[in-house]
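The values are calculated or read from the model by the stated rules, or taken from the named source; none is laboratory data. Everything numeric here is computed off the predicted structure, so don't read it as measured data. Neighbour counts run over all protein chains shown; Cβ positions are idealised from the backbone, glycine included.
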Amino acid sequence: MEIGFFTLPEKIWNEKKGKFVNNKLYSWDELEEFREKNKFNYIEFMIEHMYYYNTLNQKPKSCKICHLSLLDTPLLHKENFEFVCKFYKMQILKYKKWFKIFDIHLPYRWLFVPKKVYLERIENFAKFLEKLAEEKKVKILLENELHSYEEFLVLTENYKNLGITFDLGHAYMSYVTKRCKIHPFKFFDKVFDKVENIHLMDSHRNWKIHHEHLSLGKGSLPIKKFLRILDHKGYDKMLTLEMLKINDIRESRKYIQLC
């Protein structure tokens, strides 16, 4: 299994102060030094982390995957759908000279969007991305957010250029908010053959609006059990630690080594 970590955001939420505060950032060279010292295989570049976006003038040595901007546009009208397609195509065209793997949040179904309409749009979106990936010779991984398993069924079809990024925190958020009726581990098992990246962080399971990005072992998610599942299944692809601070990334790497 290859283990990597995210670039760092400029701002992080401070619970005590009740506001966002500046995060401690590190240059690309410093991240590379950190990666080597802590035995990570790669870095996942999040283009919404503006410090790294603004200082990216060549492909960082160990960046293996590019996480594209979040876009929670409801796929209701034809114009919405066309906008989402053009938005992601533009980003992939910009970065394909440096990256061959892209992560995209699959737009989730807003509650006012009829389920039938949404499923049709998702199927068309998958077909669009498959064609785009084939033309540009890239791999696109679609990430679960507030989705039911049924809404991800389309991605288990035979798309050779599409895979899945499984986010455990998002899966639990969907489960707790009853957007998904099956347990996250069962969700993971059903889509396992398409999973090529995992986003892993700890969090508390009683949230309703957002999930935290805690060090592994600092929340209430069954991280050890999930890691045992990965070992049992022989998972040998990417696992990206999605913490917000460098020390949390370091602690989580040690946590995995001790499990």
Scanning the stretch 227-245 residue by residue, those within 18 Å of the chain's Cα centre (by Cα) and either within 13 Å of GLY4 (Cα to Cα) or not in a helix (DSSP H, G or I) (or both) turn out to be TYR235, ASP236, LYS237, MET238, LEU239, THR240, LEU241, GLU242, MET243, LEU244, LYS245
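Which residues, taken from the stretch 12-35, are among the charged types (D, E, K, R), exposed (fewer than 11 other Cβ atoms within 10 Å of the Cβ) and at pLDDT 90 or above? It would help to see each step written out before you state the result.
Residues of the stretch 12-35 among the charged types (D, E, K, R): 15-17, 19, 24, 29-30, 32-33, 35.
From what is left, the residues that are exposed (fewer than 11 other Cβ atoms within 10 Å of the Cβ) are 15-17, 19, 24, 29.
Of everything in the stretch 12-35, those that are among the charged types (D, E, K, R), exposed (fewer than 11 other Cβ atoms within 10 Å of the Cβ) and at pLDDT 90 or above turn out to be LYS24, ASP29.
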Select, from GLU134, GLU143, GLU120, the only residue that is within 23 Å of PHE192 (Cβ to Cβ) and among the acidic types (Asp, Glu). GLU143
Would you mind stating whether LYS224 is over 14 Å from the mean Cα position of the chain (by Cα), more than 26 Å from SER252 (Cα to Cα) and either assigned to a helix (DSSP H, G or I) or basic (Lys, Arg) (or both)? no
Which ones in the stretch 106-126 are surrounded by fewer than 20 Cβ atoms within 10 Å (Cβ to Cβ) and under 20 Å from HIS67 (Cα atoms)? ALA126
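Against the definition (of a type in the set (Asp, Glu), within 30 Å of ILE92 (Cβ to Cβ), assigned to a strand (DSSP E or B) and in contact (Cβ under 8 Å) with a residue 12 or more places away in the chain), how does GLU196 come out, yes or no?
On the way: of a type in the set (Asp, Glu): yes; within 30 Å of ILE92 (Cβ to Cβ): yes; assigned to a strand (DSSP E or B): yes; in contact (Cβ under 8 Å) with a residue 12 or more places away in the chain: yes.
When the stated conditions are applied, GLU196 passes them.
Surrounded by 14 or more Cβ atoms within 10 Å (Cβ to Cβ), closer than 19 Å to GLY4 by Cα and within 21 Å of the chain's Cα centre (by Cα), is that true of CYS66?
Answer is yes for this residue.
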For the stretch 229-259, what are the residues that are in contact (Cβ under 8 Å) with a residue 12 or more places away in the chain and under 18 Å from LYS186 (Cα atoms)? ILE229, LEU230, LYS233, TYR235
Residue under question is PHE99, and the condition is that it be farther than 21 Å from GLU251 by Cβ, modelled with pLDDT under 90 and aromatic (Phe, Trp, Tyr); does it hold? no
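So which residues in the stretch 175-193 are of a type outside the set (A, V, I, L, M) and part of a helix (DSSP H, G or I)?
To start, the set of residues in the stretch 175-193 that are of a type outside the set (A, V, I, L, M) comprises 175, 177-181, 183-190, 192-193.
Listed by number, the residues that qualify are TYR175, PRO184, PHE185, LYS186, PHE187, PHE188, ASP189, LYS190, PHE192, ASP193.
Which of the residues that make up the stretch 129-146 are touching a residue at least 12 places away in the same chain (Cβ under 8 Å), part of a helix (DSSP H, G or I) and surrounded by fewer than 17 Cβ atoms within 10 Å (Cβ to Cβ)?
We begin by selecting, within the stretch 129-146, every residue touching a residue at least 12 places away in the same chain (Cβ under 8 Å); these are 129-130, 132-134, 136-146.
Next, only the ones that are part of a helix (DSSP H, G or I) stay: 129-130, 132-134, 136.
GLU134, LYS136 - these are the residues of the stretch 129-146 that are touching a residue at least 12 places away in the same chain (Cβ under 8 Å), part of a helix (DSSP H, G or I) and surrounded by fewer than 17 Cβ atoms within 10 Å (Cβ to Cβ).
Have a look at GLU157, GLU143 and point out the one that is within 15 Å of the chain's Cα centre (by Cα), under 24 Å from ILE92 (Cα atoms) and not aliphatic (A, V, I, L, M).
Exactly one of GLU157, GLU143 is within 15 Å of the chain's Cα centre (by Cα), under 24 Å from ILE92 (Cα atoms) and not aliphatic (A, V, I, L, M), namely GLU143.
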Say we look at the stretch 102-149 and pick out the residues that are among the polar types (S, T, N, Q) and over 25 Å from ILE43 (Cα atoms); which of these is modelled with the highest pLDDT? ASN124
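LEU216 - would you say it is touching a strand residue (DSSP E or B) at 6+ places or on another chain (Cβ under 7 Å) and crowded, with 20+ Cβ neighbours inside 10 Å?
Judged against the criteria, LEU216 is a match.
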